[in-house]
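**Student:** Below is one structure. I have some questions about it.
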Amino acid sequence: MSLPALDRMFITAVWLQCIIYGVNCVLFGVCMYAIFIRNKRAHWIVPLSCIFHFSIATAHLIISFLYALRGLTDPAVISVPNGSTLYFASVTAFWSTLTILYLFNVLVLHFLLIWRFYLVWNRNLILAIILLILEVGHISTALAAWSIVTRSRVTFASAAWALATALFILNLVLTICLTSGIAYRLWRAGVDTFGLTGHNAYKPAIYTIIQCGAIYTSSIVVICVLRLSGKPAGLVAPYVGIQFATLTPLLLIVSLNFGVRHNET
């Protein structure tokens with residue numbers, strides 16, 4: 001039985017990471033300008049979120065390069081038949097670090113979206129608790145998959161593969177619920193104030209949130225499809241997904257700062 005060409009897939013994933021990371025660099029620079037120069041009254045969590053996500057994306061890309069360098073050039077790896085493929089399919093310190101960075105980045109993104117959901121729904125504690133329960137299920141699934149992979153030392157373990165697929169499906173459900181919930185609440189607020197303004201004042205913000213959420217959701221859909229189809233590419237797709245998880249909040253902040261105009265009332 002021929003082994004999947006994980007070495008080529010990994011290089012392709014790193015190449016795609018570089019492209020999206022370049023976009024993130026531009027967005028990060030614009031965010032810093034918008035927060036510290038253009039809009040100095042921004043909430044403290046906004047710059048902190050930008051710096052955190054961009055730092056995670058940068059660390060992930062650097063470690064990906066080191067991972068590729070070890071898997072494709074180390075004599076101890078390439079001297080073995082299909083050594084690079086076997087290396088990328090096994091559990092290593094690089095693999096563990098990249099996985100932790102991805103999960104941590106998504107976790108913080110979800111908590112940030114839940115916080116925004118909580119605010120726009122007039123601090124509805126019940127809805128926030130339901131979303132937090134879903135997030136706990138998401139985290140628990142990730143930890144279970146992590147435990148199985150760590151014990152088996154093989155990333156293709158069937159149980160771990162199934163749990164990882166469930167993990168990405170939960171991620172997809174959470175993202176859709178949060179994005180649609182925030183957009184719906186803003187739409188309702190616009191409808192309620194239509195008589196005073198003569199138009200839906202929140203329409204630009206709604207479009208921005210939906211568009212930015214759709215980018216990240218599309219990346220999760222691709223990962224889910226690859227996972228459900230059993231394609232080996234589903235193993236390396238999350239390495240690209242972390243850049244989309246960084247692009248989404250950065251693009252949202254840039255769009256809201258430069259594309260939406262509103263006054264204090």
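Where a number appears in this text, it was derived from the coordinates with a stated rule and is not lab data. Only a predicted model underlies this, so the values are computations on that prediction, with no experimental measurement involved. Positions of Cβ are backbone-derived with ideal geometry, glycine not excepted, and every protein chain shown enters the neighbour counts.
**Student:** Relative to the present Cα-Cα distance, how much length would full extension add between residue 180 and residue 15 at 0.36 nm per residue of separation?
**Tutor:** On the way: separation 165, 0.36 × 165 = 59.40 nm, distance 3.17 nm.
That pair, residue 180 and residue 15, stretches by 56.2 nm at full extension.
**Student:** Okay, next question. Pop the C-beta distance of residue 133 and residue 210 into the FRET formula with R0 = 22 Å and round what comes out to the nearest 0.05. Can you show the working numbers first?
**Tutor:** Details: r = 25 Å, r/R0 = 1.13.
So, using R0 = 22 Å, E works out to roughly 0.35.
**Student:** Dipole of the chain, Cα-centred, from +1 at each Lys and Arg C-beta and -1 at each Asp and Glu C-beta, to the nearest 20 debye?
**Tutor:** On the way: 15 positive and 5 negative charges, 66 e Å.
Charge dipole, the chain, about its Cα centre: 320 debye, nearest 20.
**Student:** Next question. Normalised by the residues of the chain, what does the relative contact order come to in percent, with Cα pairs under 8 Å and at least six apart? Write out the running numbers ahead of the final one.
**Tutor:** On the way: 257 pairs, mean separation 71.1, N = 265.
So the answer I get is 27 percent.
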